[in-house]
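The values are calculated or read from the model by the stated rules, or taken from the named source; none is laboratory data. The model shown is predicted, which means the values in this text are computed figures rather than measured ones. Using ideal geometry, Cβ is built from the backbone for each residue, glycine included, and neighbour counts are taken over all protein chains shown. Side chains are part of the model used for accessible areas, which takes the heavy atoms of the whole protein and leaves out ligands, DNA and RNA. Shrake-Rupley method; radii C 1.70, N 1.55, O 1.52, S 1.80 Å.
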Amino acid sequence: MNEVRKFIGPALNKFPAMCSDASILRFLRARNWHTKRSAKMLKEALIWRLENKPNMIRWDDIAQQAEPGKVYKANYFDKYGRTVLVMKPGIPNPYSVEKQMRYLVYCMESSILDLKCGQEQLVWLIDFEGWNMSSISVKVTRETARILQDCYPERLGLAILYNPPKVFESFWILVKPFLEKRTYKKVKFVYPNDVDTQKVMEDLFDMDKLESCFGGKCTQGFDYVTYSNRMREGDKMMTDFVISGDQYLTPTLDNGFELSEDGISSTDETTSNLESSDETEDSQMNYNDVDPKQIKQND
């Protein structure tokens with residue numbers, strides 16, 4: 001972790017949470033503990049955050065894209081405290097790839113913020129009702145895989161493909177090259193008529209809360225108005241973290257959060273000497289104060 005920090009350089013002071021122990025460990029795992037590759041991946045993720053400002057996206061910016069209910073954050077967690085994201089690829093999406101990715105990023109930021117203490121991964125539930133080969137967009141699939149793997153490494157705990165049709169197997173062969181081996185190993189196929197695979201759902205979820213489309217007992221589906229209210233409440237939480245200087249909420253290795261005047265940061269002594277609270281607030285609040293070239297120059 002210290003080697004990765006040396007490669008990152010001065011940007012550590014701008015992103016104490018992104019350069020925390022837990023965060024660096026995710027990048028190390030994603031690159032099989034190769035420090036230079038991990039540092040390069042982390043730098044690129046930092047530059048991406050500077051350029052795209054993902055934690056500044058708010059509900060009103062993307063509300064239209066959410067209306068069909070194609071992707072949304074569930075109102076329950078799995079038994080391990082992981083946030084659950086639901087995807088329904090059979091629902092048509094009329095929006096551009098850029099708008100779809102912006103909404104995806106919003107969902108990721110919101111879901112990470114909701115993680116239970118000590119947990120850092122998400123569960124994806126993918127419902128294939130209504131899906132057919134015409135639902136496929138290779139460009140959307142490729143861009144989704146790129147963002148999730150490069151910008152949110154090791155955030156996927158499990159992806160459950162629920163009742164995919166037989167024809168999906170051909171598409172899965174097409175998709176796998178876009179995915180890293182570590183990623184597609186986290187994918188499970190579950191079928192409602194298969195007792196063995198259905199047990200996966202029972203082991204992971206409270207069946208009273210799990211939606212009926214995934215074999216649960218909850219018959220309440222996606223309601224846009226209710227969901228909008230939930231997301232606006234979540235926006236208030238995100239705004240509070242941005243104001244406090246916490247550009248990225250990250251659990252630390254002791255399953256809690258290290259809170260200081262500088263926000264959430266690493267326990268490592270190499271990053272303990274941050275700027276004063278006033279200076280840190282100014283530097284963390286204003287993305288424009290950070291030049292992406294400052295991160296690149298240490299390559």
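For the range 92-114, the set of residues classified as under 28 Å from Pro192 (Cα atoms) and either crowded, with 16+ Cβ neighbours inside 10 Å or of a type in the set (D, E, K, R) (or both) consists of Asn93, Leu104, Cys107, Met108, Ser111, listed by residue number. The numbered conditions (1) in contact (Cβ under 8 Å) with a residue 40 or more places away in the chain; (2) more than 12 Å from the chain's Cα centre (by Cα); (3) buried (at least 19 other Cβ atoms within 10 Å of the Cβ) are all true for Arg182 except (3). When the range 53-83 is filtered for residues that are in a strand (DSSP E or B), of a type outside the set (Gly, Ala, Ser) and under 19 Å from Thr144 (Cβ atoms), the ones remaining, listed by number, are Val71, Tyr72, Lys73, Thr83.
Candidates Pro177, Pro89, Pro164, Pro153: the one that is within 22 Å of the chain's Cα centre (by Cα), farther than 22 Å from Ser23 by Cα and crowded, with 18+ Cβ neighbours inside 10 Å is Pro89. Just one of the listed residues (Thr226, Thr270) is open to solvent by 50 Å² or more (accessible area, probe 1.4 Å), in a helix (DSSP H, G or I) and modelled with pLDDT of 95 or more, and it is Thr226.
Considered as a group, the residues in the range 51-70 that are surrounded by 19 or more Cβ atoms within 10 Å (Cβ to Cβ) and aliphatic (A, V, I, L, M) include one that is nearest to Thr239 (Cα to Cα), and that residue is Ile57.
Of all residues in the range 194-217, exactly one satisfies the criterion of being touching a helix residue (DSSP H, G or I) at 6+ places or on another chain (Cβ under 9 Å) and without any contact (Cβ under 8 Å) to a residue 12 or more places away in the chain, namely Met207.
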